[in-house]
Each structure stands twice: as C-alpha cells, then as structure tokens.
1. Would you confirm whether or not region A:69-85 contains a residue that is more than 24 Å from B:Arg111 (Cβ to Cβ) and acidic (Asp, Glu)?
2. Based on what the data block shows, is B:Lys55 within 14 Å of chain A (Cβ to nearest Cβ) and not hydrophobic (A, V, I, L, M, F, W, C)?
3. Given the conditions (1) of a type outside the set (Ser, Thr, Tyr); (2) farther than 19 Å from A:Gln105 by Cα; (3) not in a strand (DSSP E or B), and given that B:Val13 satisfies all but one, which numbered condition is not satisfied?
4. What about A:Arg59, is it within 12 Å of chain B (Cβ to nearest Cβ), open to solvent by 10 Å² or more (accessible area, probe 1.4 Å) and in contact with a His (Cβ under 9 Å, 6 or more places away or on another chain)?
5. Please pick out the residue among B:Thr60, B:Thr5, B:Thr18 that is within 13 Å of chain A (Cβ to nearest Cβ), open to solvent by 20 Å² or more (accessible area, probe 1.4 Å) and of a type in the set (S, T, N, Q).
6. For region A:68-104, name all the residues that are within 14 Å of chain B (Cβ to nearest Cβ), within 13 Å of the chain's Cα centre (by Cα) and open to solvent by less than 10 Å² (accessible area, probe 1.4 Å).
7. Select from region B:71-116 the residues that are in contact with a Gly (Cβ under 6 Å, 6 or more places away or on another chain), among the aromatic types (Phe, Trp, Tyr) and without any contact (Cβ under 8 Å) to a residue 60 or more places away in the chain and list them in ascending order.
8. Could you pull out the residue among A:Arg112, A:Arg64 that is surrounded by fewer than 20 Cβ atoms within 10 Å (Cβ to Cβ), more than 10 Å from chain B (Cβ to nearest Cβ) and of a type in the set (D, E, K, R)?
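The values are calculated or read from the model by the stated rules, or taken from the named source; none is laboratory data. Predicted model, so just to flag it, every value in this text is computed and none were measured. Here the Cβ positions follow ideal geometry from the backbone for every residue, glycine too, while neighbour counts run over all protein chains shown. Calculation scope for accessible area: heavy atoms of the full protein, side chains included, ligands and nucleic acids excluded. Shrake-Rupley method; radii C 1.70, N 1.55, O 1.52, S 1.80 Å.
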Amino acid sequence: DTGVSQNPRHKITKRGQNVTFRCDPISEHNRLYWYRQTLGQGPEFLTYFQNEAQLEKSRLLSDRFSAERPKGSFSTLEIQRTEQGDSAMYLCASSTFGDREGNEQFFGPGTRLTVL
Amino acid sequence: AQTVTQSQPEMSVQEAETVTLSCTYDTSESDYYLFWYKQPPSRQMILVIRQEAYKQQNATENRFSVNFQKAAKSFSLKISDSQLGDAAMYFCAYRAAYNAGNMLTFGGGTRLMVKP
C-alpha cells in the first residue's frame, strides 16, 4: 500500500462548472476525512465517513458540496456550480478506528482546485 | 469551540541549530490529543509528533520534542540539529479524545526556513 492517493492533483475549471475529486484511502482504514486548505492557512474540516456512513459535516460544507463513500472504499467529493471562493487545496485523510481518538490520520497529496 | 493559534507565521533557523515553534490552544475539554504535522512544499502532510493530554511527560521523536504546558494551554515544538529537509510548513492540531466529530482543528501554520 502506497498511502492515501487523490486524483486529480490539479483541476482548473470555470465558474459555474461542476467538479469531482476522488480519494483512495489506505486499504484497511475505515475512516476517511475531507479537509479544505486555502493558501497560507491550516486545513479546515469538511466531512468524514466511517465505512460508508457520512457521520459529520461541517457548516463549511454548503449544499453545493456532496461527498460519498460507496462500499466504504474510495470517496468522491463533488462541488456543483463552482465559485471562485471554492479555489483551495482539498485534502483527504484516512485512519483506523479506535476507542480513543488519537489514531493518526494519514493525508493524501491533495487536489488543488482553481476556479477562474 | 476549540481554537488553535500559531503566532509565528515564519521562522528561520541555521542548519544544525535549534528552533522552537509555538502553539496555543483553547478548549474546555480535559482529555485530548495535540499534534504537530509537517507539510513540505508540494508534498503531503505527515505527522511529526503526538502528545496525549493526560500524559505529563513530554513526547519526543528523535530530533523533535514538545513542551506541553497543560495549564497554560501551550504546546511548542523544538527541532534540534535542524536539517535542510526540515524546511516546511508546520501545523499544530488538536483533537478531543472522545469527539463525536473526530475532526482535527489546525492552527494557521508556521513556515520554517532552514539556512545552510
């Protein structure tokens, strides 16, 4: 296993278009997270899955955003009707589940979205 | 809500010297984890070190150590014998031990430059 992978690495789109990103977590990890990182800032939590269930969504995740994790494997993050403010790095992370929440999250390389 | 603050946007250190990055946080929880993540340019974020709040002993990982002051809500990272490969963005992060949301809360980051 080579770690968390994300595709595409870069996406340039025009305002109003829809985009979809994919994340493949480490195979034995049942938790998957999405974060957004704007230039010069720390990542901000968007949503997370435990297996195929989406258990938490941040208020940052507007109704234009939707995430799925069919069959508890890879995940997709779709942004509809993109806006310039959506330009950011979208990070995916995965972890195992434990009784306490200190389990390390392993991050992917991110997808950099530029909305023109 | 928890907040994490990194007051040093940029730091510089001479190769082989020691540097300390600062982090403060605010929480009403008593049981939590603190993390330092490293994000090299155009590469994925990796975990540097983790501290459990109920452990009084400061965590160490080779050249990396922390100074955890629970009462002061301070969590600084010391890098000894700095190397050129240490140049990166460093993010301090917080997670409650029993957090239904399971998300990490990140600080704004500190850019570390290492001079040869």
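1. yes
2. Criteria met by B:Lys55.
3. Of (1) of a type outside the set (Ser, Thr, Tyr); (2) farther than 19 Å from A:Gln105 by Cα; (3) not in a strand (DSSP E or B), only one is false for B:Val13: (3).
4. Details: within 12 Å of chain B (Cβ to nearest Cβ): yes; open to solvent by 10 Å² or more (accessible area, probe 1.4 Å): yes; in contact with a His (Cβ under 9 Å, 6 or more places away or on another chain): no.
No.
5. Details: B:Thr60 fails: within 13 Å of chain A (Cβ to nearest Cβ); B:Thr18 fails: within 13 Å of chain A (Cβ to nearest Cβ).
The unique qualifying residue is B:Thr5.
6. Within region A:68-104, A:Ala88, A:Tyr90, A:Leu91, A:Cys92, A:Ala93, A:Ser94 meet the criteria.
7. none
8. Working: A:Arg112 fails: more than 10 Å from chain B (Cβ to nearest Cβ).
Answer to the selection: A:Arg64.
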